[in-house]
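K.L.:
This is the structure, below, for whatever I ask next.
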Amino acid sequence: MKRSLIIGCLIAVVLPTCAQRELSLDSCRALALRNNKQLSVSRINQDVARNTRKAARTKYLPKVDAVGGYEFFSREVSLLNDQQKTALNNLGTNIGMGVGQSATDLITTLVQQGLLEPQKAQQLGQMASSMTTPLVQAGNELGNTIRDAFKTDNKNMWGGAIMVRQPIFMGGAITAANNMADIHERMANDDLDFKTQTTLYSIDKTFWTVVSLQQKQQLAHSYYDLVKKLNDDVHKLIDEGFATRADGLKVDVKVNEAEMQITQVENGLSLAKMLLCQLCGLPLDEEISVTPDTSPLLTSLEGSSNSSSDEKPYYTERPELRLLQNAVDLSKEATRLIRAEYLPHVALTGGYMISNPNVFNGFERHFAGVWNVGVLVQVPVWTWMESKYKIRATKGATAIAELELSDLREKVGLQVTQGEYKLREAQKRLSAARKNIQSAEENLRCANIGFQEGVIESTDVMAAQTAWQMAESQKIDAEIDLRMAEVNLRKAQGTLTN
């Protein structure tokens, strides 16, 4: 029984500890970068741009296509017209009629001239008629054979081809398309950098807000303990007759104010933690506590904005500037691509084609093919100045992008300069706050001693406690402001990386 009780107590102590997640600045950044959906979208866009660039490289290589098909026609192609077909069908008959008519005319002439007797003429006519019949049959058969030889039999047609196309000169369109693909890939990388810095900036701001509220929560409890102790002392003096009830009411008001401050700070801390959980991809109701970063505060400024424009490193570090520079380069390549559309295009073609019926051997019903090689040249002749207008439009887009880039450069320069000023102000404010803390602690110590000795009233002690609380709060704000000034400056310089 005693052992079970001990185990239960250990579990009760360990469970609340395990339920709370300890988060440092680095762990918050890692969680945010891993769970942020916009960053996941940017990574997918990176992969898309990479594959698009690889696809653009294939434009330099020859393309091979294979095509095949079948067609049924209701009528076949005929190389002979209807009259020619009829003539071939009656070839023997026509020849027989001609021969018979010639023989009859010859016999009639001979009879009329008295060179041939009628009886002999009749016998000769019968002999010519009997000889013409086989000739007619043979002629008709020969005509049918010739007609069938011209028959194409192409109602059912099969065909196929393998074609090769190799660009030789496309006016620079392929080079421009590849350059645009490279720029799109760089833009995808810059977009990922931009979203990464934006995410880290949001995480840092929220993290230091939570740190500030945690410290103010501790300060609020410390102030409450001071006021509560003073309240107990004043009520003891009231019981002994050394203080009035008015003094006790004044202290009671301070106790109520301290309790309200604790409530306000705890509510703000809860909301800030929920926001931090949302940015880190954690459940909003998860119990967390943050561990302040112990890295030293920034005490010097690097890359001063007073240097010349060519020496400012943040012009290459800021992803927004790189994105606009890529937009300028992309617009220039778009101009080259449009100009290429109106230049001569030259391509080498080749392939192998097959068909059935075979058109190369009397339309026989077998597959047969032929090789072919050629050069294709396309030269635009007249486009009604379309190319000129399109090129002017793209050059205008390039000019707009260059102006936007120049404008953003100036704004970034102002942001960096402002960030440096803010950082110097935060450093001075922190130095002053630390000095004020020393004065406030000494003032509070003297007030407590004077109150215990009875030479100082409770209102003076409360004023000293309030001044101490304000000095501590200002020191916390100054430390957090210095951290945020450093984050803002790094964000402006484009060096806020994980």
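The values are calculated or read from the model by the stated rules, or taken from the named source; none is laboratory data. Predicted model, so just to flag it, every value in this text is computed and none were measured. Glycine also receives a Cβ, built like all others from the backbone with ideal geometry; neighbour counts cover every protein chain displayed. Each accessible area value is taken on the protein alone, full model and side chains, heavy atoms only, with ligands, DNA and RNA left out. Shrake-Rupley method; radii C 1.70, N 1.55, O 1.52, S 1.80 Å.
K.L.:
Filter segment 143-179 down to the residues that are among the polar types (S, T, N, Q) and more than 26 Å from P344 (Cα to Cα), then identify the one that is nearest to the chain's Cα centre (by Cα).
P.N.:
At the first step, the residues of segment 143-179 found to be among the polar types (S, T, N, Q) are 144-145, 152, 154, 156, 166, 175, 178-179.
Of the ones still in play, those that are also more than 26 Å from P344 (Cα to Cα) are 144-145, 152, 154, 156.
Working: N144: 72, T145: 71, T152: 57, N154: 53, N156: 50 Å.
Step by step, filter segment 143-179, then rank; the result is N156.
K.L.:
Among the residues of segment 248-269, is there at least one that is surrounded by 15 or more Cβ atoms within 10 Å (Cβ to Cβ) and modelled with pLDDT under 85?
P.N.:
Within segment 248-269 (the criterion being surrounded by 15 or more Cβ atoms within 10 Å (Cβ to Cβ) and modelled with pLDDT under 85), the answer is yes, since at least one residue qualifies.
K.L.:
Evaluate segment 248-260: report whether one residue or more is more than 30 Å from T459 (Cα to Cα) and either part of a helix (DSSP H, G or I) or in contact with a helix residue (DSSP H, G or I) (Cβ under 8 Å, 6 or more places away or on another chain) (or both). Even if it seems obvious, please write down each step before you answer.
P.N.:
Step one: of segment 248-260, the residues more than 30 Å from T459 (Cα to Cα) are none.
No, every residue in segment 248-260 fails to be more than 30 Å from T459 (Cα to Cα) and either part of a helix (DSSP H, G or I) or in contact with a helix residue (DSSP H, G or I) (Cβ under 8 Å, 6 or more places away or on another chain) (or both).
K.L.:
Further question: Return the residues of segment 275-285 that are closer than 17 Å to V211 by Cα and either surrounded by fewer than 17 Cβ atoms within 10 Å (Cβ to Cβ) or of a type in the set (D, E, K, R) (or both); say none if nothing qualifies. Steps first, please.
P.N.:
If we filter segment 275-285 for residues that are closer than 17 Å to V211 by Cα, which is where we start, we get 275-280.
Residues satisfying the conditions are L275, Q278.
K.L.:
Inside segment 443-498, can you point out the residues that are open to solvent by 60 Å² or more (accessible area, probe 1.4 Å), more than 32 Å from the chain's Cα centre (by Cα) and β-branched (V, I, T)?
P.N.:
I449, V455 - these are the residues of segment 443-498 that are open to solvent by 60 Å² or more (accessible area, probe 1.4 Å), more than 32 Å from the chain's Cα centre (by Cα) and β-branched (V, I, T).
K.L.:
Mind listing whichever residues of segment 379-413 are aliphatic (A, V, I, L, M), in contact with a Ser or Thr (Cβ under 7 Å, 6 or more places away or on another chain) and more than 22 Å from T316 (Cβ to Cβ)? Before you say what the answer is, go through the steps one by one.
P.N.:
Step one: filter segment 379-413 for residues aliphatic (A, V, I, L, M), giving 379, 381, 385, 391, 393, 397, 399-401, 403, 405, 408, 412.
Narrowing further to those that are in contact with a Ser or Thr (Cβ under 7 Å, 6 or more places away or on another chain): 391, 397, 401.
Answer for segment 379-413, where residues must be aliphatic (A, V, I, L, M), in contact with a Ser or Thr (Cβ under 7 Å, 6 or more places away or on another chain) and more than 22 Å from T316 (Cβ to Cβ): I391, A397.
K.L.:
Residue under question is L219, and the condition is that it be surrounded by 12 or more Cβ atoms within 10 Å (Cβ to Cβ), under 17 Å from I456 (Cβ atoms) and not β-branched (V, I, T); does it hold?
P.N.:
No.
K.L.:
Just give me the residues in segment 437-467 being under 15 Å from L237 (Cβ atoms), of a type in the set (D, E) and in contact (Cβ under 8 Å) with a residue 12 or more places away in the chain, in sequence order. Reasoning before the result, please.
P.N.:
In the first step, residues of segment 437-467 are kept if they are under 15 Å from L237 (Cβ atoms); the result is 448, 450-462.
From what's left, of a type in the set (D, E): 453, 457, 460.
Those that are under 15 Å from L237 (Cβ atoms), of a type in the set (D, E) and in contact (Cβ under 8 Å) with a residue 12 or more places away in the chain: E457, D460.
K.L.:
Separate question: I'd like to know if segment 377-388 contains one or more residues that are of a type in the set (S, T, Y), surrounded by 15 or more Cβ atoms within 10 Å (Cβ to Cβ) and outside any helix (DSSP H, G or I).
P.N.:
For segment 377-388, residues of a type in the set (S, T, Y), surrounded by 15 or more Cβ atoms within 10 Å (Cβ to Cβ) and outside any helix (DSSP H, G or I): absent.
K.L.:
Kindly provide the set of residues from segment 379-423 that are among the basic types (K, R) and without any contact (Cβ under 8 Å) to a residue 24 or more places away in the chain, ordered by number. Talk me through it step by step, then tell me what you get.
P.N.:
Taking segment 379-423 and keeping what is among the basic types (K, R), we get 388, 390, 392, 395, 409, 411, 422.
K388, R392, K411 - these are the residues of segment 379-423 that are among the basic types (K, R) and without any contact (Cβ under 8 Å) to a residue 24 or more places away in the chain.
K.L.:
Here's another thing I want to ask about it. Give all pairs with beta carbons closer than 9 Å in which a residue from segment 257-274 that is closer than 16 Å to L226 by Cβ meets a residue that is open to solvent by 80 Å² or more (accessible area, probe 1.4 Å); count only pairs at least 6 apart in sequence or on separate chains.
P.N.:
Final answer for the pair search is A258/D225.
K.L.:
On to the next question. Report yes if E333 is under 22 Å from the mean Cα position of the chain (by Cα), within 20 Å of Y60 (Cβ to Cβ) and either outside any loop (DSSP other than H, G, I, E, B) or in contact (Cβ under 8 Å) with a residue 24 or more places away in the chain (or both), otherwise no.
P.N.:
Details: under 22 Å from the mean Cα position of the chain (by Cα): yes; within 20 Å of Y60 (Cβ to Cβ): yes; either outside any loop (DSSP other than H, G, I, E, B) or in contact (Cβ under 8 Å) with a residue 24 or more places away in the chain (or both): yes.
The answer is yes for E333.
Here's the yes/no breakdown for (1) open to solvent by 90 Å² or more (accessible area, probe 1.4 Å); (2) at pLDDT 70 or above; (3) on the phi > 0 side of the Ramachandran plot:
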position	(1), (2), (3)
L88	no, no, no
G100	no, no, no
T104	no, no, no
I107	no, no, no
M127	yes, no, no
E141	yes, yes, no
N144	no, yes, no
K155	no, yes, no
